[in-house]
Structure formats: C-alpha cells, structure tokens
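Written out below as structure tokens is the structure these notes cover.
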Amino acid sequence: MSAVIETKNLTKIYGEFHAVKNLNLKVSEGEVFGFLGPNGAGKTTTISMLTGILHPTKGSVHLFGENLSDDYFNLKRRIGVVSEQQYMYNKMTACEYLSFFADLYRVKNKKRKINELLKFVELYKYKDKKLGEYSKGMRQKISISRSLVHDPDILFLDEPAYGLDPAGVKEVRDIIFKEKDNGKTIFMSSHILSEVEKICNYAGIIDKGVLVKKGAMDQLKKASSPGCELEIELVEVKKKIIESLKKLPFVVDVEVVKNNKNILRIKAPDEKNRAEISGCIFENGGAITGMSTKKATLEDAFVEITRGEVK
Ligand SMILES: Nc1ncnc2c1ncn2[C@@H]1O[C@H](COP(=O)(O)OP(=O)(O)O)[C@@H](O)[C@H]1O
Ligand SMILES: [Mg+2]
C-alpha cells in the first residue's frame, strides 16, 4: 500500500537543541497510527511539521506523494488538524463556529454538512448553545467536527484524549473509530499508552526527539521480551516442577509468587505455550487448580524502550 504520510530525516532544531531528530516515518492509507511518547518527546513539534504549521530545519514531509513545502495549499485542503491547544470563539454557537470554517474551505451544501457533523459527534441538540458554555469534552468533539468540515483524507489529532474524563475519552475514541471506518487515515499522538493500544493498529514511539520503535501494534507488543505471563495455581508447588519448567526451551522465567506459595508465575513468548506448560506440570505430579494469562502490553514495551535503549 502506498504511503500517504512520509517523512525523510525530518528534523527540528532550536538553537543547539534537537526537538525532533532524523525522523523517518511512513503511514499507509487507512491506518490509524499512534505516535506515542512521554511529555516533551517531540510529538507536537512533529505534528506541526507534518501539517505545515512549522518549517523543518532539515528533511522533508510528503503527503500523498507530494512534497508539503512545494504544494502546501492544495495539500492543506486534504488534511484535518485537531491541535493540542483549542482556540475557540466562545461567543459563537457550535453552528456559527462550524459555519465559519465551512466558509473558509468553501464547503458546498454547508448547512447539510454542519448538521451531519453535529449529529455525528452527538451534539446536534446543543447546536445553538455558545461554545463558552460547552464542557471540555464537548469542545474537543467540536474541534474534531471543525477538522472534518472539508472532508479531509487524513486526520491529525494531537493528544485528543488529554484532560477528558473517562466518558469523554470513550466518546472521542468512538468518533475516531467511526472516522477510520469512513476510510480516513488517522495520525494521533498520545502519552496515554492504553489509549494508543485501544485505537491504533500501527504505532511509533518517540523519545527525546528520536523515533525508537515503529511497526504494527502486535509487533510492538512482542518487542518487549516476555510475550506473555502465566499465573498457574497448584495444589502444591514442588521443586521438581519448577526445575522441569525451567528446562522447557521456550520458558523465559519461572518464579513462585511472593504472597501465595501455591502460585507459579511463568514468562513465555506466546500464549500457545500453555498446553506444553500444563503438560509438564502434570508429568511431574502437579495438580493445576487455576490459570490466568497476562499479555505483554505496549506499556511494557514503552517503559522498557524509553528506560533502556535511549540514552
Ligand atoms: N519554540 C520552541 N523553542 C524551543 N524549544 C521548543 C520549542 N517548542 C518545543 N520546544 C521543545 O521541544 C521539545 C519537544 O516539545 P513538544 O514537541 O511540544 O513535545 P511533546 O508534544 O511530545 O510533549 C520540548 O523539550 C520542548 O520544550
Ligand atoms: Mg505535545
């Protein structure tokens, strides 16, 4: 599949400080790409360069195969941006606000489009309320509607869930899912790992301006060494069982849980190893009374990567 977003050695330097350093990234059509990183990692700086708000010090951005700096005005029409900071006209109603942006983009059938968007984000019944009276979650949904008013092909969202309550986070997530189903490519940044895990099928991890990992979400999860952790409860834990389990070629680690001497915690690359593990316990005279599996989360990978590999 062709890349709709591609950066080559994208760099932003402030004085001596590299906010973003040699970023090489490709996002294909229809992907929901999560740009993950701790605060100050360079996410907003990158999104600002991807959307033409900020000029790179070095390197390039191509959208739909075209160089952003050569064809800015045409490309700008094909992207929607929800920035970190919401600049809103508090005295305008939702309808007036969207109408203002629809005029900027010369949207045809403006009224129909605005009503459609307000229904899409479930704010139609508040359409004549002033934005100053909206809650933070409602404002975020209006920002998203505003970014969609000209029906862009790519949507850039900078920390879309930041500062929202759990209900707001879920609503924004559902909107992103619906936009994905509408065929849009989505590039969202976040420092909230669980959000990226829930929403995105591809992700990149940025730390101190450097892209330290990228790939399909499944692959990224596997990148953190122990793929899954099994907790197996036995009637009695015998030394022989532990020793035999440790000899299994795929077993990474076996330990007895500190506060329950009848539970073994076993690290293995894959959930599929469960059958062989329980077989080994059975062969060594063990009786299993319970088993649970914990898959490696992106959080494990994220913590490992940002603590370990990056200097
Ligand atoms: N205009 C600027 N001048 C100097 N440093 C900046 C400027 N903008 C951002 N930075 C620095 O670049 C780094 C990355 O910032 P940012 O992209 O906002 O990070 P993130 O969005 O991941 O939290 C931070 O250390 C920030 O202080
Ligand atoms: Mg930011």
HN-Hα J couplings of segment 16-28 from phi, Karplus 6.51/-1.76/1.60, θ = phi - 60°, integer Hz, Gly and Pro as x?
9, 8, 8, 6, 9, 10, 6, 7, 10, 9, 10, 10, 8
At what distance in angstrom do the alpha carbon centres of segment 133-147 and segment 192-210 lie from each other?
23 Å
Scalar couplings 3J(HN,Hα) for segment 179-191 by Karplus 6.51 cos²θ - 1.76 cosθ + 1.60 (θ = phi - 60°), nearest whole Hz, x for Gly and Pro, are 5, 4, 4, 7, x, 7, 8, 10, 10, 10, 9, 6, 9
With N residues in the chain, what two-decimal value do you get for its Cα radius of gyration over 2.2 N^0.38 Å?
1.24
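When Ser147, Ser244, Ser292 are ordered from fewest to most other Cβ atoms inside 10 Å of their Cβ, what list results?
Values: Ser147 20, Ser244 17, Ser292 10.
Fewest-to-most Cβ neighbours within 10 Å comes out as Ser292, Ser244, Ser147.
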Above-threshold pairs, the threshold being 19 Å between Cα atoms, out of Lys119/Lys141; Lys26/Lys184; Lys58/Lys214; Lys125/Lys198; Lys125/Lys184
Lys58/Lys214; Lys125/Lys198; Lys125/Lys184
Label-zone membership for segment 114-140, site Asp165, 7 angstrom Cα→C-beta point, backbone N under 15 Å
134-140
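Using the Kirkwood radius over Cα pairs, work out the Stokes-Einstein diffusion coefficient for segment 87-151 at 37 °C and 0.692 mPa s, in µm²/s as a whole number.
Details: Rh = 11.4 Å.
Here the translational diffusion coefficient equals 289 µm²/s.
Arrange the following residues from fewest to most other Cβ atoms within 10 Å of their Cβ: Ile199, Ile53.
Numbers: Ile199 24, Ile53 13.
Neighbour counts put them in this order, fewest first: Ile53, Ile199.
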Anyone know which of Lys58, Lys184, Lys125 comes out most mobile in the 10 Å Cα GNM of the chain?
Lys125
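Where does each of Asp181, Asp71 land when they are ranked from fewest to most other beta-carbon atoms within 10 angstrom? Numbers along the way, then the final one.
On the way: Asp181 9, Asp71 13.
Lowest count first: Asp181, Asp71.
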With a Förster distance of 30 angstrom and the Cβ-Cβ distance between Asn201 and Arg265, calculated FRET efficiency to the nearest 0.05 equals 0.50
Phi-based couplings in Hz for segment 124-140 (Karplus 6.51, -1.76, 1.60; Gly and Pro marked x)
4, 6, 9, 4, 9, 8, 6, 4, x, 9, 6, 6, 4, x, 5, 5, 5
On C-alpha positions alone, give me the angle between the axis of helix 110-120 and the longest principal axis of the chain, in degrees, nearest 10.
20 degrees
Between 0 and 90°, nearest 10: helix 94-104 axis offset from the chain longest Cα axis:
70 degrees
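Computed from the coordinates by the stated procedures, all read-outs in this text should not be read as laboratory data. None of the values given here were measured: they were computed from a predicted structure. Every residue, glycine as well, gets a Cβ built from its backbone with ideal geometry; the counts of neighbours run over all protein chains shown.
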